[in-house]
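Heads up, the thing below is written out as structure tokens.
Read-outs throughout are calculated quantities, based only on the coordinates presented, and are distinct from any laboratory measurement. Note that this is a predicted model, so its numbers are computed, not measured. Cβ: placed from backbone, ideal geometry, glycine included. Neighbour counts: every protein chain shown.
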Amino acid sequence: MINLNLNVISTLILSIILYLVGGFIKDKSNILCKFCIPTPVIGGLLFSVFIFFLKKFGLLNITMDTSLMPYFLSVFFISIGVCINTSSIKSGSSLLFIYWILCAVLGFCQNIIALVLSKALNINSLLGFMCGSVSMEGGHGYALAFGKTIESIGVNGASTIGIASATLGLIAGSLLGAPVGRYLIHKYSLNPCSKNNLHIKKSSTYCKKSSFTAIDFFENILILLLIMNISFFLSNIIYLKTNALIPNIVIGMLLSVITVNLNHKTKFFDFNLGFFDFLQNISLGIFLTMALMSIDICTLSSLLGPVVLIVFCQVIFVLFYSLSVCFKFLGKNYDAAIIISGLIGHTLGATPNALANMSTLTDKYGKSEDAFLVVPIVAAFLLDAFSVPCILFFINFLK
């Protein structure tokens, strides 16, 4: 077997190529366009399947350097923050609280489902528990962290089970979120509210500046990089001083919101919203393509059976809960439909999946400020306040 090691630049080149290939395939497929499958999902998953067969037949094994992924994700969240204004935060606070509670309840239910099914399948309860909110809402990070914790008390294979179920959830969340949102939009004939339409007009007008010079580019990039650097620094300081882990992406988004809204009063700097909107698209696209193209399907193929069955039941429950409960409590409007696509993305996969699902829909149907305010804050930060104590409770109860 040939072993190919890609450095950081080669990995970036490959991810860009796969993103373009995914876009080409989507443009040529009416089905993919109709159901709003995100472009990165198409290119990334096709490549991971292709590599699976090459590896299976002993032809080629590729190792990729995906160390740029955290920076692309940080760029995306900061760019979102630049486009949020304080009036949106005030109007969306109640919606944010409701969404937070809904996600917390969902996480608890995911743990109960995992435990009930592990009993029915006669597997170790703690191994079955790894297919609950640890890997679904928590994703690969939680799966690895809590998997090591469970392995330390003598339950071998917890991390592997968690990573496998998180990967399956990632794929399901990427494939189902946008189509479900599209289904709700068409079923209830939903349209963006006037607030969102106004936002689109303002942004498009702002983008039609006479020119975007090199000075403009460097000024905007400088602000972005300063916010990014400060967010990484503050995240590390908070962790070292308090042992509380607050993701740098959340700090970056909050700093960008504060910066841009202070600038509205001081008029010190000229933010180009069109430029940051452009950065949102490319940074999220590359991040998600890298995440999906580096999935090791060989690992999943060796863990079929109970894991697949539990994850399948988790997917069914998330779809039922989203459509029958969450959509109603979120207002049964256009914003709710976009949020639902995000909810499916991050409660099965990860926050970037949620944002990719929402971006795919808003690019086609119109902006939703509330969705892009509520989902990232809850998924990347607030939900941890419930998830971590809940997971620790179950681990201590089952050990």
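When only Cα pairs under 8 Å and 6 or more residues apart are kept, what is the percent relative contact order across the chain?
Relative contact order, the chain: 31 percent.
Calculate how steeply helix 351-365 sits against the longest principal axis of the alpha-carbon atoms of the chain, using the helix alpha-carbon long axis, and give the answer as 0 to 90 degrees to the nearest 10.
In the chain, helix 351-365 runs at an angle near 50 degrees to the longest axis.
Using every alpha carbon pair in segment 265-399, what percent of pairs falls into each 5 Å bin from 0 up to the bin containing the largest distance?
2, 8, 13, 17, 19, 16, 12, 7, 3, 2, 1, 0
Using Cα atoms only, what is the angle between the long axis of helix 248-266 and the major principal axis of the chain, expressed in degrees (0 to 90) to the nearest 10?
Helix 248-266 sits roughly 10 degrees off the main axis of the chain.
Determine the calculated [θ] at 222 nm for the chain from helices alone, applying -39500 (n - 2.57) to every DSSP H run no shorter than 4 residues and normalising by the residue count; nearest 500 deg cm²/dmol.
For the chain, the value works out to -24500 deg cm²/dmol.
Per residue, how much space in cubic angstrom lies within the convex hull of the C-alpha atoms of the chain?
Cα convex hull per residue, to the nearest whole number: 154 Å³.
Just rank Y321, Y19, Y71, fewest to most, by other beta-carbon atoms within 10 angstrom.
Ascending number of Cβ neighbours within 10 Å: Y71, Y321, Y19.
Label Y188 and F393 with points 7 Å out from Cα along Cα→Cβ: what is the distance between them in nm?
Inter-label distance under the simple model: 3.0 nm.
Among L226, F394, V260, whose Cα sits farthest toward the positive end of the charge dipole of the chain (+1 at Cβ of Lys/Arg, -1 at Cβ of Asp/Glu, about the Cα centre)?
Value computed over the given set: V260.
Taking the Cα centre as origin and putting +1 on Lys and Arg beta-carbons and -1 on Asp and Glu beta-carbons, what dipole magnitude results for the chain, to the nearest 20 debye?
Computed charge dipole of the chain: roughly 720 debye.
So how do 31-43, 56-68 stack up, highest first, on mean other-Cβ count within 10 Å?
31-43, 56-68
How far is helix 8-28 tilted off the main Cα axis of the chain, in degrees rounded to 10, range 0 to 90?
Taking Cα atoms only, the helix is inclined about 80 degrees.
So for each of 44-50, 221-227 I average, over its residues, the number of other beta carbons within 10 Å; can you give me the resulting order with the highest mean first?
By packing density, highest mean first, the sequence is 44-50, 221-227.
Find out how many positive minus negative residues lie around I338, taking Lys and Arg as positive, Asp and Glu as negative, among other residues whose Cβ is under 12 Å from that of I338.
The answer is -1.
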